[in-house]
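Worksheet: the structure to be examined is printed underneath.
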Amino acid sequence: MAPFPLPLEGLIGKFGMYAVYLLIGIAFGAALEISGFAISTRLAAQFYFKDLTVLKVMFTAIVVGMVLIFGASALGWLDYNLIWVNPTYLWPGILGGFIMGIGFIIGGFCPGTSLVSLATLKVDGLFFALGSAFGIFLFGETVGWYEDFFNSSYYGRLTLMDVFNLPAGVVVVLVVLMALFMFWGAEQLERIFGGRDLSKEPLLRVAGAAALFLAAVAVMLIGEPTPAEKWTRIAPEKEAQLRNREVQIHPGELLDSLANDQLRVVMLDVRPQADYNLFHLRGARHVPLEQIRSIIPSLLLERTDNQVIVVMSNDEAAATEAWKILVAESVPNVYILEGGINHWLELFAAQDPQIVPTPTPALGLDYIRYQFPAALGDRFPAADPFAHEYEFEYTPKIKLELKRGPSGGGCG
Amino acid sequence: MSAVTQTKSNPKRSSLRAFFFERPTKPYVHPFLGGTLLGMVLFLAFLITGNGLGSSGGVNRIVVFIEDLIAPGHVDRTPYLLKMAGGSLNPLDDWIVFVTIGAVLGGFLSGWWNGRLKVETNKGPRITVRQRWALAFIGGAIMGYGARLARGCTSGQALSGGATLAAGSWAVMFAIFGGAYALAYFLRKVWN
């Protein structure tokens, strides 16, 4: 399996990468042009039910793209977790969309179609494109007045699967059915309002609809890769990393990384609540192992290139499980705290008379082997030691994986 | 009159004109075929790069680039612009700019190949050309503003977000259609 997304910049250089984007843009512009999207009257006719080309082209593109994307994901060709999925800012989106609709019916284009229109020398397309540049300029100048609203109702990487609590394949089939119903309705409207003779429409479109539906059903039946399947795909490589202890970082490296301004360290403490309450590192987020999946969307969306994630448990067993889950879901730069909290306390609580090793033999793996006077959480000195007071010999293992992930939406 | 004779007397120029403007005009493809091709382009974009398509983002960066040329200090003081063009950042150094330039090129090539390059203004029968231009500019400004507020236009939100099943993008898409249908009745004389 080829790496996804292709590390274009590494393969063909920055100019090569931008050349690929230019080619994609050319195909995009040509696809809009051959559909007649350079003609404003044709676009506006959509809203008088005479010619529903806009709806047909847009929804066909959406459902064809969707079936291909989720089909490729089901077959393991692309990684849905690594493609750009627009984050949801509900109310700014709805208001902005409504404003766009008003601009659409007044001006007769949307930004993409106006570019194609001006490229084919339509003067109204040029005026619309200049207008949209002006509107964009105006937005940049005024968004500061209501930044709070602009960033409100944020739901992160929210998908329709989350909203309806359905598997992706089922949503794909439902969206295809909805689109086919809309196409049928669009043709009826064109017949009634636009006087179109449907008997002259190519029969091939029915075959296309059937093929699309069958493809969607196939996507549903194959199903998106389960977490176990995702792990199996990468297991040989990742098991080796675990065995060779390439991802278990020494507590000293964690301490130094926390003190390093150039890194953004996210600590995830996957132990049970009681252990976390007894003692945890200052700044560590409590995410019990059973809930680790729930934070994956935010880890994927809010990641920065300098983000390092360190998972920790009492020893390493639970943290390793969490590591496997995160790595299988393509979260980059995840490490395990070597020896877990027990190892940490061995190094940093040695001088603390309050924290004493339990003399009884260990209960087993991944149990805390220290006793505390009270559940003080991160209020022990050992929860936040001074980096400059300690010097450890360790092999640094953190290597930032600067994978050029999806960097922003089409309008980012 | 003189212009006509000039083109006639200049065979090189008239052949250039023929090359660009006198190709046989072909009809548009069927909407379902156009949509299928567009969907495939969208899929390829995601498969190769992990990103979708877009256009208002590219225009945005070009606008910010010009702003940065004229008033760099102002850009550095405005947080929204700072992210794209603050200090030594070049706002054009971004993939979306190349998709946008490509879209213009692709539209031109396709229009040329299919004999559809033509200087004209498409409008409803009841308004003048100048009114159409004014409305196009005003509509464009409203659309551009809304596109940034919604963090994407019909391409970046409706198309790319729709195909990846982003919940917010579906809300944006329905809002676009809602806004246009809500106002369509009042503008019927502009278009019909």
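Overall form of segment A:239-317: rounded. Here a/c, set by the Cα gyration tensor axes a ≥ b ≥ c, is under 1.5.
Listed values for segment A:65-80 are Karplus-derived 3J(HN,Hα) couplings in whole Hz (6.51 cos²θ - 1.76 cosθ + 1.60, θ = phi - 60°), namely x, 4, 4, 5, 5, 6, x, 5, 5, 4, 8, x, 7, 9, 10, 4, and x replaces Gly and Pro. The residue among A:G13, A:F128, B:L187 whose Cα reaches farthest toward the positive pole of the charge dipole of the protein assembly as shown, with charges on the beta-carbon of Lys, Arg, Asp and Glu, is B:L187. For segment A:8-64, the pair-distance distribution built from all alpha carbon pairs, in bins 10 Å wide starting at 0, is 21, 35, 22, 15, 6 percent. For chain A, the longest principal axis of the C-alpha atoms and the axis of helix A:90-107 are separated by about 20°. First compute the accessible area of segment A:245-358 with a 1.4 Å probe, then give the percent of it belonging to carbon and sulfur atoms. The nonpolar share, carbon plus sulfur, comes to 49 percent. 3J(HN,Hα) couplings calculated from phi for segment A:322-329 with the Karplus curve 6.51 cos²θ - 1.76 cosθ + 1.60 (θ = phi - 60°) are, in sequence order, 4, 4, 4, 5, 5, 5, 5, 8 Hz; Gly and Pro show x. Under the rule a/c < 1.5 gives rounded, and otherwise a/b versus b/c splits prolate from oblate, where does segment A:137-224 land using the Cα gyration tensor? It is oblate, given that a/c is not under 1.5 and a/b is not larger than b/c. Secondary structure note: in the protein assembly as shown, about 25% of the DSSP beta bridges are antiparallel. When the accessible area of segment A:1-150 is computed with all protein chains present and a 1.4 Å probe, what percentage of it is carbon and sulfur? Carbon-and-sulfur percentage of accessible area, whole number: 78. For the residues of A:46-52, the average number of beta carbons from a partner chain within 10 Å of their own beta carbon is 4. For the peptides A:28-40, A:263-275, B:86-98, the ranking by mean Cβ contacts within 10 Å, running from highest to lowest, is A:28-40, A:263-275, B:86-98. Database remark: amide H of A:R264 closer than 5 angstrom to the amide H of A:Q307, A:V308 (H placed geometrically; neighbours at sequence offset of 5 or more, or on other chains; Pro and chain starts carry no H). Seen against the Cα atoms of chain A and their longest principal axis, helix A:168-194 is set at about 20 degrees. Mean per-residue shielding of peptide B:89-99 is 5, counting Cβ atoms of other chains within 10 Å of each Cβ.
What percent do you get for the relative contact order of segment B:16-164 when only Cα pairs under 8 Å and 6+ apart count? Worked out over segment B:16-164, it gives 35 percent.
Summed over qualifying helices (DSSP H, 4 residues or more, each -39500 (n - 2.57)) and divided by its residue number, chain A shows a 222 nm mean residue ellipticity of -16500 deg cm²/dmol. Computed from the alpha carbon atoms alone, the convex hull of segment A:46-91 holds 88 Å³ per residue. Measuring spread by the Cα atoms of segment A:306-375 yields a radius of gyration and Dmax of 14.2, 42 Å.
Among the listed pairs A:K56/B:K118; B:K83/B:K118; A:K14/B:K83, those with a Cα-Cα distance over 30 Å are B:K83/B:K118. If you bin all the Cα-Cα distances of segment B:1-160 at 10 Å, starting from zero, the percentages per bin are 9, 23, 31, 23, 12, 2.
Averaged over the residues of A:256-262, the number of partner chain Cβ atoms lying within 10 Å of the residue Cβ comes to 0. Near A:V311, the amide H atoms lying under 5 Å from its own belong to A:L268, A:Y335, A:I336, A:L337; only residues 5 or more places off or on other chains count, and H is placed 1.01 Å from N.
With a/c under 1.5 counting as rounded, go ahead and sort segment B:51-120 into rounded, prolate or oblate using the C-alpha gyration tensor (a ≥ b ≥ c being the square roots of the eigenvalues; past the cut-off, prolate if a/b is larger than b/c, else oblate). Prolate is the answer for segment B:51-120, as a/c is 1.5 or above and a/b outweighs b/c. Picking from B:T121, B:G111, B:I96, whose Cα lies most toward the positive end of the charge dipole for segment B:75-126 (charges on Cβ: Lys, Arg +1; Asp, Glu -1)? The Cα lying farthest towards the positive end belongs to B:T121.
Across the protein assembly as shown, counting alpha-carbon atoms alone, Rg and Dmax equal 28.2, 108 Å. With kT/(6 pi eta Rh) evaluated at 20 °C and eta = 1.002 mPa s, and Rh the Kirkwood radius from Cα pairs, segment A:242-388 diffuses with a coefficient of 138 µm²/s according to Stokes-Einstein. Summing +1 for each Lys or Arg and -1 for each Asp or Glu among the other residues whose beta-carbon sits under 13 angstrom from that of B:K189 gives +4.
The values are calculated or read from the model by the stated rules, or taken from the named source; none is laboratory data. The structure displayed is predicted, hence computed values, not measured ones. Neighbour counts are summed over all protein chains in view; Cβ atoms, including those assigned to glycine, are modelled from backbone coordinates with ideal geometry. Surface accessibility is based on the protein's heavy atoms, side chains included, excluding ligands, DNA and RNA. Shrake-Rupley method; radii C 1.70, N 1.55, O 1.52, S 1.80 Å.
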